[in-house]
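S.K.: Take this structure first; my questions come after.
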Amino acid sequence: MNNSLETEHVQCLIIGSGPAGYTAAIYAARADLKPVLYTGMEAGGQLTQTTDVDNFPGYPNGVMGPEMMEDFRKQAERFGTDIRFGYVSSVDFSSTPHRVVVDEIKTITADTVIISTGATAKWLGLPSEQKYNGFGVSACAVCDGFFFKGQDIAIVGAGDTAAEEATYLAKLCKKVYMLVRRDEFRASKAMVHRVLNTPNIEVIYNSEATEVLGNGKNVTGIKVLNNQTGAEQELAVEGFFVAIGHQPNTAIFKDWLDMDETGYLKTIPGSTKTNVEGVFACGDVQDHYYRQAVTAAGSGCMAALDAERYLAAKEAV
């Protein structure tokens, strides 16, 4: 059989896993939409790269990120979701049903499409950064700040998000070193003012981290280069936060869906509806503000309900 000619029709196609995709699948399956979910190349999304998750309701003793995503997957499957490993390589939203190509070889037509492809944290690109990711290195202060209560940490970034995360961490940590690549912030004046007026934040300008130091298990410090003088110093810290932004996974949708200037999908306020009828977006792919597992799950529920009501309205005509 020539796979390039293979076509399948579904009522509800979910692109991407993680809390948003799996929750959408649970609701869509319970509504008898017989959803098909393609996981993407990272089944379970960003949480599979996380160790302890302590802030998701229902896990009083905390849970490991991969274990939680396995629970989500099992629950979606229990109600009949068809979960498949694969990635969507292109889409065509010019007519209904919508056309989606999977793994560059299979075409799926879908009455509704729920996009939950998430966003990927931007990293500095240091091998040591990835080595200690989840063991002292983090890209989410709200997710992981609690684990560094009373400790010394460093954060890199110069925008509003970095400033906000630094002030959040300062409430929990003893000392926060903030590394700013240039001699000034990119953040708004209000956020800069807040950082500079927080006594336990020390801003180090014209600096960048060149290596994350550790004992093989956890972070013990970072090497910092002054990019003006060439001088290098070591800071003893137990946590290292990277706050240089996220990249939404939306490249394949750019010719079809409305996005903001950074690539996040735009949805109609109070809903998960995109500018294309029958196409919905949930989770971090459309949320650059909260970016939490619990808010992603909530918007996944919304997307499935929106898809169900869209199909019901079409049938009623």
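No value in this document is a laboratory result; all are computed from the given coordinates. Here the structure is a predicted model, which means the values were calculated and not measured. Using ideal geometry, Cβ is built from the backbone for each residue, glycine included, and neighbour counts are taken over all protein chains shown.
S.K.: Would you kindly state how much longer the chain becomes between residue 151 and residue 94 on full extension, computed as 0.36 nm times their sequence separation minus their alpha carbon distance, in nm to one decimal? Walk me through the intermediate numbers first.
M.R.: On the way: separation 57, 0.36 × 57 = 20.52 nm, distance 5.34 nm.
Stretched fully, the residue 151-residue 94 segment lengthens by 15.2 nm.
S.K.: Need the list of lysines near residue 273 for cross-linking: C-alpha distance under 19 angstrom, and skip anything on the same chain fewer than eight residues off.
M.R.: 254, 314
S.K.: While we're here: Compute the distance in nm between two label points, each set 7 Å from the Cα along the Cα-to-Cβ direction, one at residue 32 and one at residue 70.
M.R.: Placing both labels 7 Å beyond Cα along the Cβ direction yields 3.4 nm.
S.K.: In debye, nearest 20, what is the charge dipole magnitude of the range 123-242 about its Cα centre with +1 on Lys and Arg Cβ and -1 on Asp and Glu Cβ, if you could check? Walk me through the numbers before you get to the answer.
M.R.: On the way: 12 positive and 14 negative charges, 48 e Å.
The dipole of the range 123-242 has a size of about 240 debye.
S.K.: I need 191, 178 ordered by Cβ neighbour count within 10 Å, fewest first.
M.R.: Exposure proxy ranking, most exposed first: 191, 178.
S.K.: Determine, for 143, 12, 282, the number of other Cβ atoms within 10 Å of each Cβ, and report the residues in order from fewest to most. Walk me through the numbers before you get to the answer.
M.R.: Numbers: 143 21, 12 29, 282 34.
If I rank by nearby Cβ atoms, fewest first, I get 143, 12, 282.
S.K.: Also, quick follow-up: For the range 50-111, state which GluC sites (Glu not before Pro) are in a DSSP loop and have at most 15 other beta carbons lying within 10 Å of their beta carbon.
M.R.: On the way: sites: 67, 70, 77, 104; in loops: 104.
Passing sites in the range 50-111 are 104.
S.K.: What three numbers, in Å, describe the spread of the alpha carbons of the range 123-242 along their principal axes, ordered from the longest?
M.R.: Principal extents (largest minus smallest coordinate, Cα): 39, 34, 22 Å.
S.K.: So for the chain, averaging the separation of alpha carbon pairs under 8 Å that are six or more residues apart and normalising by length, what relative contact order in percent results? Could you put the intermediate results ahead of the total?
M.R.: Numbers: 732 pairs, mean separation 64.5, N = 317.
This gives 20 percent for the chain.
S.K.: Could you work out the mean projected area of the convex hull around the alpha carbons of the range 181-301, in square nanometres to one decimal? Please list the in-between numbers first.
M.R.: Working: hull surface 45.2 nm².
Approximately 11.3 nm², given one-decimal rounding.
S.K.: Isolated Cys in the chain by the 4.7 Å beta carbon test?
M.R.: Lone cysteines by the Cβ rule: 12, 173, 282, 301.
S.K.: Still on this structure: For Cα extents along the principal axes in Å, pick the label among [x] 66, 47, 38; [y] 66, 40, 38; [z] 54, 48, 40 that corresponds to the value derived from the coordinates.
M.R.: [y]
S.K.: Between residue 78 and residue 200, 0.36 nm times their residue separation minus their Cα-Cα distance comes to what?
M.R.: On the way: separation 122, 0.36 × 122 = 43.92 nm, distance 4.90 nm.
Taking 0.36 nm per residue and subtracting the Cα distance, the gain is 39.0 nm.
S.K.: Give the percent of DSSP beta bridges with both residues in the range 123-242 that are antiparallel, rounded to the nearest 5. Walk me through the numbers before you get to the answer.
M.R.: Values: 11 of 27 bridges.
So the antiparallel bridges amount to about 40 percent of the total.
S.K.: Let me have the 222 nm mean residue ellipticity of the chain computed from DSSP H runs of 4+ only, each contributing -39500 (n - 2.57), with the sum over all residues rounded to the nearest 500.
M.R.: Working: 7 runs with 81 residues, N = 317.
The per-residue figure over the chain is -8000 deg cm²/dmol.
S.K.: Just subtract the alpha-carbon distance of residue 309 and residue 294 from 0.36 nm times their residue separation and send over the number in nm, one decimal. List each step's numbers first, then the result.
M.R.: Working: separation 15, 0.36 × 15 = 5.40 nm, distance 2.30 nm.
Here the segment from residue 309 to residue 294 would lengthen by 3.1 nm.
S.K.: Moving to a separate point now. So how strong a dipole does the chain carry about its Cα centre when Lys and Arg Cβ are +1 and Asp and Glu Cβ are -1, to the nearest 20 debye?
M.R.: Dipole size: approximately 440 debye.
S.K.: Let me ask another. Simple spin-label model, 7 Å along Cα-to-Cβ: residue 172 to residue 256 in nm?
M.R.: 3.8
S.K.: Ok, one more. Do any GluC sites (Glu not before Pro) in the range 145-207 lie in a DSSP loop with no more than 15 other beta carbon atoms within 10 Å, and if so, which?
M.R.: Details: sites: 164, 165, 184, 202; in loops: 184.
Here the sparse-neighbourhood loop sites are 184.
S.K.: Here is a follow-up. Could you pull out every one of the aspartates and glutamates with an alpha carbon less than 13 Å from that of residue 189, ignoring same-chain neighbours closer than 8 positions?
M.R.: 160, 164
S.K.: I've got another one for you. Note down the nm distance, to one decimal, between modelled labels 7 Å out along Cα→Cβ at residue 8 and at residue 234.
M.R.: Taking the two extended label points, one gets 5.4 nm.
S.K.: Next question. Within the range 25-46, find all residues whose amide N lies under 14 Å from a label point positioned 7 Å from the Cα of residue 104 along Cα-to-beta-carbon.
M.R.: Of the residues in the range 25-46, none has backbone N under 14 Å from the label point off residue 104.
S.K.: OK, next. Note down the net charge around residue 201, summing +1 for each Lys or Arg and -1 for each Asp or Glu among other residues with Cβ under 10 Å from its Cβ.
M.R.: Values: positive: 175, 194; negative: 202.
In short, +1.
S.K.: Please tell me which of these pairs span more than 30 angstrom C-alpha to C-alpha: 74/174; 122/266; 122/223?
M.R.: The pairs that break the limit, which is 30 Å between Cα atoms, are 74/174.
S.K.: Just name one of 265, 143, 36: the one whose Cα is farthest towards the positive end of the charge dipole of the chain (beta-carbon charges, Lys/Arg +1, Asp/Glu -1).
M.R.: Positive-end residue among those listed: 143.
S.K.: With both partners inside the range 3-153, how many of the DSSP beta bridges are antiparallel, as a percent to the nearest 5?
M.R.: Details: 11 of 26 bridges.
Bridges in the range 3-153 that DSSP calls antiparallel: roughly 40 percent.
S.K.: Output the antiparallel fraction of DSSP beta bridges having both residues in the chain, as a percent to the nearest 5.
M.R.: Numbers: 27 of 60 bridges.
So the antiparallel bridges amount to about 45 percent of the total.
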